[in-house]
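The values are calculated or read from the model by the stated rules, or taken from the named source; none is laboratory data. Computed from a prediction, not measured in an experiment: that's the story for all the values here. Every residue, glycine as well, gets a Cβ built from its backbone with ideal geometry; the counts of neighbours run over all protein chains shown.
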Amino acid sequence: TSVPDIRIYEVGPRDGLQNETKFVPTEVKIELIHKLASAGLKNIESASFVSPKWIKQMSDGVHVMTNIKKIPDVNYPVLVPNLKGYDIAKKCNVEEIAIFPAGSEAFSQKNLNCSVKEGLNRFRAVAEQAVKDGLRVRGYVSCVVGCPYEGPISPTAIAKVTEEVLSMGCYEVSLGDTIGVGTAGSVRRLMKEVLQVAKPENLALHFHDTYGQGLSNLLAGLEFGIKTVDSSISGLGGCPYARGASGNLATEDLVYFLYGLGVNTNVDLVKLVEAGRYISNFLAKPTESKVNRALGDR
Ligand code: HMG
Ligand code: MG
């Protein structure tokens, strides 16, 4: 039987590091990106051009993006919250940006300082400009299962936002379980609703692993034909405006899991584990990846 290819979208340098309070020097961020690329990852979200007043950790995005040694077939997208961030991204010659409206009203206020509707309007302006300029645009929808302030979010509300984000010209919408409260059951209910408005090839899964459900949620999502999965090296990650959110599904765990399904990711797990150890050592904390821990003990 043929097994579909899965596209891995690495978010460690952005989602992974944005939540770290201790500033990670630019050289370390760059070295991490180089290690991830040399492990074979083809999509590495590398920086975010948000307000430095909001996320100080990401304030060196320009230096990161202008100093990484890019490998030709690797995609290095950046997160952009508004036209100001877009102009900066464009000056750095990025080829892909990611916009990130929320599915929940309260989270939108905390994370973007505006309503869902206002956020969608702002992001539409960014996306339309980027498409006009020939860039690829990816859209996140956050809080797709639950919100740290509002609790459960209805799948129909998420489908509505997803439809709108796709209509802005995004090639893909990444469904973000920002606080990792999803289960295989809630993910199934979500997928059924979202697939009314989107094709599986235009969706990605972005699971935080707070309750340890990341891989089972992923399997539930993959059963609907989704082919892009977000993950973060060493399981780093979280959002400062989503209290209690832990890291993303770890890339090492994802690669091991896909290997078991017979999916060839072309990622070198040994090099990936090494990249995970590099950043965990720098942050002086144990890795959140069980696969990394298991292989690290050898
Ligand atoms: P605001 O304070 O309402 O914006 O923030 P403002 O337009 O009033 O600007 C305030 C100041 O910031 C001004 O400076 C602007 O120039 C500056 P001042 O005049 O006071 O000196 N500013 C900027 N500077 C640099 N780059 C910019 C920029 N924009 C404004 N782009 C804003 C609104 C959206 C900017 C703010 O709320 C923000 O930056 N939010 C981003 C928060 C964030 O990054 N969260 C984490 C990422 S989302 C996430 O992790 C979820 C995800 O992983 C998916 C999932 O897990 O579900 C994607
Ligand atoms: Mg996230």
Self-check item: Cross-chain or 6+ apart pairs with Cβ under 8 Å, the stretch 46-65 first and free of Cβ contacts under 8 Å to residues at least 12 places away in the same chain, then assigned to a helix (DSSP H, G or I) and buried (at least 18 other Cβ atoms within 10 Å of the Cβ)
Solution: 52/58
Quiz prompt | residue 11 vs. criteria on the phi < 0 side of the Ramachandran plot and within 15 Å of ligand 2 (Cβ to nearest atom) | solution = yes
Self-check item: Contacts under 7 angstrom Cβ, first residue in the stretch 182-208 being under 17 Å from residue 102 (Cα atoms), partner part of a loop (DSSP other than H, G, I, E, B) and of a type in the set (Ser, Thr, Tyr), 6 or more apart
Solution: 208/178; 208/246
Quiz item: Taking the stretch 197-224, which residues are buried (at least 16 other Cβ atoms within 10 Å of the Cβ) and assigned to a loop (DSSP other than H, G, I, E, B)?
Solution: 197, 198, 209, 210, 213, 224
Exercise. Report, ordered by the first and then the second residue, all pairs with beta carbons closer than 7 Å, sequence separation of six or more or different chains, a first member in the stretch 95-122 that is on the phi > 0 side of the Ramachandran plot, and a second member that is within 16 Å of ligand 2 (Cβ to nearest atom) and in a loop (DSSP other than H, G, I, E, B).
Key: none
Quiz item: Condition test on residue 134, is it more than 16 Å from ligand 2 (Cβ to nearest atom), assigned to a loop (DSSP other than H, G, I, E, B), under 29 Å from residue 74 (Cβ atoms) and out of contact with any helix residue (DSSP H, G or I) (no Cβ under 6 Å at 6 or more places or on another chain)?
Solution: yes
Quiz item: Would the stretch 231-238 turn up any residue that is on the phi > 0 side of the Ramachandran plot and not in a loop (DSSP other than H, G, I, E, B)?
Solution: yes
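Would you mind finding the one in 95, 150, 105, 118 that is away from ligand 2 (no atom under 16 Å from the Cβ) and within 22 Å of residue 44 (Cα to Cα)?
95
Can you confirm whether residue 238 is modelled with pLDDT of 95 or more, among the small types (Gly, Ala, Ser) and within 14 Å of ligand 2 (Cβ to nearest atom)? Give the steps one after another, and end with the answer.
Details: modelled with pLDDT of 95 or more: no; among the small types (Gly, Ala, Ser): yes; within 14 Å of ligand 2 (Cβ to nearest atom): yes.
Here the answer is no, as residue 238 does not meet what is asked.
Would you check which residues across the stretch 225-264 are over 17 Å from the mean Cα position of the chain (by Cα), free of Cβ contacts under 8 Å to residues at least 60 places away in the same chain and surrounded by 17 or more Cβ atoms within 10 Å (Cβ to Cβ) and list them?
Answer for the stretch 225-264, where residues must be over 17 Å from the mean Cα position of the chain (by Cα), free of Cβ contacts under 8 Å to residues at least 60 places away in the same chain and surrounded by 17 or more Cβ atoms within 10 Å (Cβ to Cβ): 256, 257.
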Self-check item: Residue list for the stretch 265-287, restricted to those being among the small types (Gly, Ala, Ser) and free of Cβ contacts under 8 Å to residues at least 12 places away in the same chain
Solution: 284
Quiz item: Applying the selection to the stretch 87-107, what residues are touching a Leu at 6+ places or on another chain (Cβ under 9 Å), assigned to a helix (DSSP H, G or I) and of a type outside the set (Lys, Arg)?
Solution: 89
Quiz item: Out of all the residues in the stretch 201-219, is one or more more than 16 Å from ligand 2 (Cβ to nearest atom), in contact with a strand residue (DSSP E or B) (Cβ under 6 Å, 6 or more places away or on another chain), within 26 Å of residue 137 (Cα to Cα) and modelled with pLDDT of 95 or more?
Solution: yes
